[in-house]
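This report concerns only the one structure given below.
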Amino acid sequence: MIAMHRKQCILLVEDEQDTMQTMLNSLLTKRHDQYEPLVAIDGYEALDFLFNKQIDLVVLDLNMSNLNGIEVCQHKFNDKDLRHIPVIISSAFLDPSMEVQLRSLGIQHFLKKPYKMEVLLAKIDELMGCPA
């Protein structure tokens with residue numbers, strides 16, 4: 001009998017629909033056998049998934065309505081059960097003070113928009129320990 005392995009769950013948090021669609025399409029077409037993507041369009045939705053699903057990695061936009069990416073990272077950092085989950089910050093607007101603040105919350109991975117989807121997939125693969 002072949003054991004089924006659980007796909008790693010990637011939470012995509014992005015309020016810009018075109019960007020979200022591109023990320024989702026890349027994961028679904030190029031890594032469908034490895035990852036299960038979940039989609040959140042704001043920080044509140046992201047936290048709901050983090051607290052209620054088994055999330056393995058988050059790709060997080062910073063500038064969103066309601067609850068922004070830094071606030072999501074603060075909530076995640078303050079919860080011992082969520083602190084270990086890796087986050088890739090995906091943003092066009094990242095000033096040095098924001099990066100310092102995010103690094104203090106355990107965030108180490110940053111992608112400046114625009115970037116090629118292959119770059120994002122490679123970073124996800126690297127953090128998830130999956131061969132491309």
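Here are a few things to note about the model shown:
- The set of residues in the range 85-99 that are at pLDDT 95 or above and surrounded by fewer than 16 Cβ atoms within 10 Å (Cβ to Cβ) is empty.
Yes/no matrix, rows are residues, columns are (1) within 16 Å of the chain's Cα centre (by Cα); (2) part of a loop (DSSP other than H, G, I, E, B):
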position: Ile88; (1), (2): yes, no
position: Met98; (1), (2): no, no
position: Gly106; (1), (2): yes, yes
position: Leu111; (1), (2): yes, no
position: Leu120; (1), (2): yes, no
position: Ile124; (1), (2): yes, no
position: Leu127; (1), (2): yes, no
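- Residue match in the range 48-69 (condition: of a type in the set (Asp, Glu), crowded, with 16+ Cβ neighbours inside 10 Å and in contact with a strand residue (DSSP E or B) (Cβ under 8 Å, 6 or more places away or on another chain)): yes
- All of (1) part of a loop (DSSP other than H, G, I, E, B); (2) at pLDDT below 95 hold for Gln54 with one exception: (2).
- Unique match (being polar (S, T, N, Q), touching a helix residue (DSSP H, G or I) at 6+ places or on another chain (Cβ under 8 Å) and without any contact (Cβ under 8 Å) to a residue 40 or more places away in the chain) among Asn78, Asn66, Asn52: Asn66
- Verdict on Asp18 being in contact with a strand residue (DSSP E or B) (Cβ under 7 Å, 6 or more places away or on another chain), surrounded by fewer than 20 Cβ atoms within 10 Å (Cβ to Cβ) and not hydrophobic (A, V, I, L, M, F, W, C): no
The values are calculated or read from the model by the stated rules, or taken from the named source; none is laboratory data. Everything quoted here is computed from the prediction, not taken from an experiment. Note that each Cβ is placed from the backbone with ideal geometry, even for glycine, and that neighbours are counted across all protein chains shown.
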